1. Over the chain, calculate the relative contact order: mean separation of alpha carbon pairs under 8 Å at least 6 apart, over the residue count, as a percent.
2. If packing is taken as the average number of other Cβ atoms within 10 Å across a peptide's residues, how do 147-160, 174-187 rank, most packed first?
3. Rounded to whole Å and sorted largest first, list the principal axis extents of the Cα atoms in the chain.
4. If you keep only loop residues by DSSP, which chymotrypsin sites (Phe, Trp or Tyr not before Pro) in region 10-113 have at most 12 other Cβ atoms within 10 Å of their Cβ?
5. Cβ under 11 Å from Gly191's Cβ, Gly191 left aside: what net charge do those residues give with Lys, Arg +1 and Asp, Glu -1?
6. If you add up the charges near Ser72, with Lys and Arg at +1 and Asp and Glu at -1, over every other residue whose beta carbon is less than 15 angstrom from its beta carbon, what do you get?
7. Run the helix sum for the chain: -39,500 (n - 2.57) per DSSP H stretch of 4+ residues, divided by residue count, reported at 222 nm to the nearest 500 deg cm²/dmol.
8. Would you kindly find the accessible area of Lys66, with a 1.4 Å probe and non-protein molecules such as ligands, DNA and RNA excluded, rounding to the nearest 10 Å²?
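The values are calculated or read from the model by the stated rules, or taken from the named source; none is laboratory data. As the structure is a prediction and not an experimental result, all values here were calculated from the model. Cβ atoms come from the backbone with ideal geometry, glycine included; neighbour counts cover every protein chain shown. Ligands, DNA and RNA are stripped out before the accessible areas are found, and what is left, the full protein with its side chains, is counted by its heavy atoms. Shrake-Rupley method; radii C 1.70, N 1.55, O 1.52, S 1.80 Å.
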Amino acid sequence: MSTSITAEGITLGYRGAPVIEGLHLELPPGKVTAIVGPNACGKSTLLRGLARLHPISAGRVRINGKDASSLSRRELARTIGVLPQTSIAPDGVRVAELVGRGRFPHQGWFGRHTSQDDRVVLRSLEATGVADLAERRLDELSGGQRQRVWIAMVLAQETDAVLLDEPTTYLDVTHQLELLDLLDDLNAQRGTTVVMVLHELNHAARYADHMVVMSGGRIAGQGAPADVLTAESVRSAFGLDAEVVPDPVTGGPLVVPRGRTRLGVTAGI
């Protein structure tokens, strides 16, 4: 069953100062949604609120129709896999051990590890290209390798929805595309609801079925990328002067920033 996630008039903030107020959002189940917007617009705060990693001061989040606050942590972890922007692991933890922690929601009260858990962990390591690092310590790896290990842990949860905050951080362009292809396959083959915060507009346009554009803590637009991503919306939300042209690979929208110096206009410095 595809997971539905709905925000009903939610308000979130820090130290009493709201970042998002009275926001309504219904994410399409079984689809890939990309949340985009300029820095400090509330993207990560929204994702953390949906994942119950950040307290909601008003409104509610519903998951499959249930109030998320009524779900136990184990129930929530069986439904939603989450990759926050910053993840912290115990000192000295090895890769396979960390990925194995993604199996916790499926284990009994005594935390018994089974052969099925081993198979899922190996499959997750292989899917993210880090199986050869299984016995390495996490703190010995590069930033890009660590990011792929964290994603493997999320995959090992085998949830019907995954929420990822800037999952392509630290990855080179090849591994960025491999990861996005992996999430696309997960959605296509298992109907997993994928929600991700992305900075790269063209990645979002290429891989998302549904796009949410945020600006100033509110939703500036949402819908299919071709409907939402226009020269006007890019200028309004990002303050970026750009052309939006057909992507030669997919036919979807492709954002081409105008810039200045290469057009013969040099800014005064």
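1. Reported as a whole number, the value is 23 percent.
2. Order by mean packing, descending: 147-160, 174-187.
3. Sorted from largest, the Cα extents of the chain read 64, 42, 37 Å.
4. Within region 10-113, the qualifying chymotrypsin sites (Phe, Trp or Tyr not before Pro) (loop, at most 12 other Cβ atoms within 10 Å) are Trp109, Phe110.
5. Around Gly191, the surrounding residues sum to +1.
6. After counting each charged neighbour, the total is +3.
7. Computed mean residue ellipticity for the chain: -9000 deg cm²/dmol.
8. 120
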